[in-house]
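Only one structure is covered here, and it is reproduced in the block below.
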(Lines give C-alpha, C1' and ligand atoms only; values in the text may rest on other atoms or scores of the structure.)
Protein backbone atom coordinates (compact mmCIF):
# COMPACT_ATOMS: atom_id res chain seq x y z
CA UNK A 1 0.00 0.00 0.00
CA UNK A 2 1.37 3.45 -0.87
CA UNK A 3 1.75 5.76 2.13
CA UNK A 4 0.68 9.41 2.42
CA UNK A 5 3.82 11.51 2.09
CA UNK A 6 5.89 8.72 0.54
CA UNK A 7 6.55 9.93 -3.00
CA UNK A 8 9.69 11.89 -2.30
CA UNK A 9 12.85 10.02 -1.50
CA UNK A 10 16.34 11.36 -2.07
CA UNK A 11 15.17 14.73 -0.72
CA UNK A 12 11.88 16.27 0.37
CA UNK A 13 11.68 18.58 -2.64
CA UNK A 14 10.62 17.61 -6.11
CA UNK A 15 12.93 19.95 -7.99
CA UNK A 16 10.46 21.91 -10.11
CA UNK A 17 7.48 21.38 -12.35
CA UNK A 18 7.17 20.07 -15.89
CA UNK A 19 4.31 19.55 -18.26
CA UNK A 20 1.72 21.71 -16.50
CA UNK A 21 0.12 24.91 -17.75
CA UNK A 22 -1.04 27.71 -15.42
CA UNK A 23 -4.45 26.97 -13.91
CA UNK A 24 -6.45 29.87 -15.33
CA UNK A 25 -9.97 28.40 -15.57
CA UNK A 26 -12.51 30.17 -13.28
CA UNK A 27 -13.03 26.84 -11.53
CA UNK A 28 -9.52 27.17 -10.16
CA UNK A 29 -10.08 30.47 -8.35
CA UNK A 30 -8.16 32.85 -10.63
CA UNK A 31 -6.71 35.69 -8.59
CA UNK A 32 -6.66 33.89 -5.27
CA UNK A 33 -3.42 33.31 -3.41
CA UNK A 34 -2.38 29.63 -3.41
CA UNK A 35 -2.48 28.02 0.02
CA UNK A 36 -1.21 24.88 1.72
CA UNK A 37 -3.37 21.91 0.84
CA UNK A 38 -5.20 20.22 3.72
CA UNK A 39 -8.36 18.29 4.34
CA UNK A 40 -10.15 16.31 7.02
CA UNK A 41 -10.61 12.70 5.97
CA UNK A 42 -14.20 11.55 6.19
CA UNK A 43 -13.07 7.94 6.60
CA UNK A 44 -10.57 8.14 9.48
CA UNK A 45 -11.21 11.64 10.80
CA UNK A 46 -7.54 12.65 10.51
CA UNK A 47 -6.53 16.08 9.24
CA UNK A 48 -3.93 15.73 6.47
CA UNK A 49 -1.79 18.81 5.83
CA UNK A 50 0.36 19.20 2.76
CA UNK A 51 -0.35 18.11 -0.78
CA UNK A 52 -0.89 14.34 -1.13
CA UNK A 53 2.23 12.35 -1.91
CA UNK A 54 2.09 8.60 -2.53
CA UNK A 55 5.01 6.38 -3.45
CA UNK A 56 5.63 2.79 -4.49
CA UNK A 57 8.80 1.06 -3.31
CA UNK A 58 8.86 -1.51 -6.14
CA UNK A 59 7.92 -1.56 -9.84
CA UNK A 60 4.77 -3.55 -10.62
CA UNK A 61 6.86 -6.02 -12.66
CA UNK A 62 8.65 -7.01 -9.44
CA UNK A 63 5.58 -8.98 -8.40
CA UNK A 64 5.56 -10.97 -11.67
CA UNK A 65 8.82 -12.64 -10.61
CA UNK A 66 8.18 -15.75 -8.48
CA UNK A 67 9.27 -15.07 -4.92
CA UNK A 68 11.94 -17.84 -4.83
CA UNK A 69 13.63 -16.24 -7.87
CA UNK A 70 13.69 -12.63 -6.70
CA UNK A 71 17.04 -12.66 -4.92
CA UNK A 72 18.76 -14.07 -8.00
CA UNK A 73 17.01 -12.00 -10.65
CA UNK A 74 16.28 -8.59 -9.10
CA UNK A 75 18.53 -5.74 -8.01
CA UNK A 76 16.44 -3.17 -6.12
CA UNK A 77 17.37 0.08 -4.39
CA UNK A 78 15.24 3.05 -3.35
CA UNK A 79 15.79 4.67 -6.75
CA UNK A 80 16.74 1.95 -9.25
CA UNK A 81 15.77 -1.57 -10.22
CA UNK A 82 16.68 -4.11 -12.84
CA UNK A 83 15.03 -7.46 -13.38
CA UNK A 84 16.92 -10.21 -15.20
CA UNK A 85 15.04 -12.65 -17.45
CA UNK A 86 13.98 -16.08 -16.28
CA UNK A 87 16.23 -18.94 -17.43
CA UNK A 88 13.53 -20.18 -19.82
CA UNK A 89 12.73 -16.72 -21.21
CA UNK A 90 13.67 -16.87 -24.89
CA UNK A 91 13.62 -13.07 -25.24
CA UNK A 92 16.50 -12.76 -22.73
CA UNK A 93 15.27 -9.24 -22.00
CA UNK A 94 16.41 -7.43 -18.86
CA UNK A 95 14.06 -4.73 -17.59
CA UNK A 96 15.52 -1.49 -16.20
CA UNK A 97 13.59 0.98 -14.04
CA UNK A 98 14.17 4.38 -12.45
CA UNK A 99 11.97 5.83 -9.73
CA UNK A 100 10.75 9.35 -10.34
CA UNK A 101 8.18 11.94 -9.33
CA UNK A 102 5.05 12.64 -11.31
CA UNK A 103 3.47 15.98 -10.43
CA UNK A 104 -0.21 16.82 -10.89
CA UNK A 105 -1.06 20.47 -10.14
CA UNK A 106 -3.85 21.11 -7.62
CA UNK A 107 -6.00 24.20 -8.14
CA UNK A 108 -5.33 26.77 -5.46
CA UNK A 109 -2.59 24.75 -3.74
CA UNK A 110 1.03 25.78 -3.35
CA UNK A 111 2.34 22.28 -4.08
CA UNK A 112 1.28 19.58 -6.58
CA UNK A 113 -0.12 16.12 -5.95
CA UNK A 114 2.93 13.81 -6.11
CA UNK A 115 3.20 10.22 -7.28
CA UNK A 116 6.45 8.34 -6.71
CA UNK A 117 6.39 5.79 -9.53
CA UNK A 118 8.73 3.67 -11.66
CA UNK A 119 9.53 4.16 -15.35
CA UNK A 120 11.29 1.72 -17.68
CA UNK A 121 14.63 2.75 -19.18
CA UNK A 122 17.00 1.56 -21.85
CA UNK A 123 20.16 -0.11 -20.62
CA UNK A 124 22.22 2.87 -21.79
CA UNK A 125 20.07 5.40 -19.92
CA UNK A 126 20.01 3.24 -16.80
CA UNK A 127 23.80 2.85 -16.74
CA UNK A 128 24.34 6.55 -17.37
CA UNK A 129 22.02 7.36 -14.46
CA UNK A 130 24.00 5.08 -12.15
CA UNK A 131 27.33 6.51 -13.28
CA UNK A 132 26.23 10.11 -12.65
CA UNK A 133 23.98 9.45 -9.62
CA UNK A 134 26.04 11.63 -7.26
CA UNK A 135 26.47 14.44 -9.81
CA UNK A 136 24.28 17.26 -11.06
CA UNK A 137 22.10 15.46 -13.61
CA UNK A 138 19.94 18.47 -14.50
CA UNK A 139 19.61 19.12 -18.21
CA UNK A 140 19.56 15.41 -19.02
CA UNK A 141 16.39 13.57 -19.99
CA UNK A 142 15.49 10.06 -21.07
CA UNK A 143 12.56 8.26 -22.65
CA UNK A 144 10.64 5.59 -20.78
CA UNK A 145 7.38 3.71 -20.39
CA UNK A 146 5.19 4.27 -17.34
CA UNK A 147 3.07 1.25 -16.27
CA UNK A 148 -0.22 2.61 -14.92
CA UNK A 149 -0.81 0.33 -11.94
CA UNK A 150 -2.59 2.52 -9.41
CA UNK A 151 -6.02 3.98 -8.72
CA UNK A 152 -7.60 6.16 -9.95
CA UNK A 153 -5.66 6.00 -13.23
CA UNK A 154 -5.57 2.24 -13.76
CA UNK A 155 -8.09 1.37 -16.50
CA UNK A 156 -7.24 -2.29 -17.02
CA UNK A 157 -9.16 -5.10 -15.39
CA UNK A 158 -7.67 -7.86 -13.20
CA UNK A 159 -5.67 -10.28 -15.34
CA UNK A 160 -5.08 -7.80 -18.17
CA UNK A 161 -1.72 -6.29 -18.99
CA UNK A 162 -1.24 -2.79 -17.64
CA UNK A 163 -1.34 0.25 -19.88
CA UNK A 164 2.09 1.75 -20.47
CA UNK A 165 2.34 5.47 -21.22
CA UNK A 166 5.17 7.10 -23.12
CA UNK A 167 6.95 9.63 -20.96
CA UNK A 168 10.07 11.73 -20.55
CA UNK A 169 12.15 11.62 -17.38
CA UNK A 170 13.78 14.96 -16.61
CA UNK A 171 16.81 14.26 -14.47
CA UNK A 172 17.53 16.69 -11.63
CA UNK A 173 20.48 17.99 -9.66
CA UNK A 174 22.17 16.00 -6.94
CA UNK A 175 19.83 14.44 -4.40
CA UNK A 176 16.58 14.84 -6.33
CA UNK A 177 14.60 12.23 -8.20
CA UNK A 178 13.77 12.71 -11.90
CA UNK A 179 10.52 14.45 -12.80
CA UNK A 180 8.18 12.46 -15.04
CA UNK A 181 6.35 14.15 -17.92
CA UNK A 182 3.65 12.07 -19.61
CA UNK A 183 3.71 12.51 -23.38
CA UNK A 184 0.58 13.48 -25.26
CA UNK A 185 -2.03 10.73 -25.33
CA UNK A 186 -5.70 10.13 -24.53
CA UNK A 187 -5.12 8.88 -20.99
CA UNK A 188 -6.66 10.79 -18.02
CA UNK A 189 -3.26 11.01 -16.33
CA UNK A 190 -1.91 13.05 -19.25
CA UNK A 191 -4.77 15.54 -19.02
CA UNK A 192 -4.56 15.80 -15.23
CA UNK A 193 -0.85 16.59 -15.39
CA UNK A 194 -1.36 19.07 -18.22
CA UNK A 195 -4.50 20.83 -16.96
CA UNK A 196 -4.42 20.17 -13.21
CA UNK A 197 -7.14 18.89 -10.89
CA UNK A 198 -9.55 20.61 -8.52
CA UNK A 199 -9.08 20.70 -4.74
CA UNK A 200 -12.07 18.38 -4.28
CA UNK A 201 -10.72 15.93 -6.86
CA UNK A 202 -7.38 15.82 -5.02
CA UNK A 203 -9.23 14.97 -1.79
CA UNK A 204 -11.24 12.27 -3.57
CA UNK A 205 -8.10 10.65 -4.99
CA UNK A 206 -6.26 10.77 -1.66
CA UNK A 207 -9.20 9.18 0.16
CA UNK A 208 -9.51 6.47 -2.48
CA UNK A 209 -5.84 5.55 -2.25
CA UNK A 210 -5.79 5.53 1.53
CA UNK A 211 -9.09 3.80 2.18
CA UNK A 212 -10.40 2.38 -1.09
CA UNK A 213 -9.13 0.12 -3.84
CA UNK A 214 -5.40 -0.55 -3.81
CA UNK A 215 -3.07 -0.42 -6.84
CA UNK A 216 -3.19 -3.55 -8.97
CA UNK A 217 -0.15 -5.78 -9.16
CA UNK A 218 -0.02 -7.09 -12.69
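The values are calculated or read from the model by the stated rules, or taken from the named source; none is laboratory data. The structure presented is a predicted model; accordingly, all values stated were derived computationally and were not measured. All Cβ positions, even for glycine, are placed from backbone atoms using ideal geometry, and neighbour counts span all protein chains on display.
Structure above, values below:
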| item | result |
| --- | --- |
| Test: residue in the range 208-217 that is out of contact with any strand residue (DSSP E or B) (no Cβ under 7 Å at 6 or more places or on another chain) and modelled with pLDDT of 95 or more | no |
| Tally, over the range 58-86, of residues that are in contact (Cβ under 8 Å) with a residue 24 or more places away in the chain, in a loop (DSSP other than H, G, I, E, B) and surrounded by fewer than 20 Cβ atoms within 10 Å (Cβ to Cβ) | 3 |
| Members of the range 117-140 found to be farther than 19 Å from residue 209 by Cα and crowded, with 16+ Cβ neighbours inside 10 Å, listed by number | 119, 120, 121, 125, 126, 128, 129, 137, 140 |
| First in the range 192-209 and in contact (Cβ under 8 Å) with a residue 60 or more places away in the chain, second anywhere and part of a helix (DSSP H, G or I) and surrounded by fewer than 18 Cβ atoms within 10 Å (Cβ to Cβ), Cβ under 8 Å, 6 or more apart | 198/27 |
| Test: residue 125 is modelled with pLDDT of 95 or more, in a helix (DSSP H, G or I), touching a strand residue (DSSP E or B) at 6+ places or on another chain (Cβ under 6 Å) and farther than 16 Å from residue 55 by Cβ | yes |
| Hey, residue 160 farther than 19 Å from residue 81 by Cβ, surrounded by fewer than 16 Cβ atoms within 10 Å (Cβ to Cβ) and at pLDDT 95 or above or not | no |
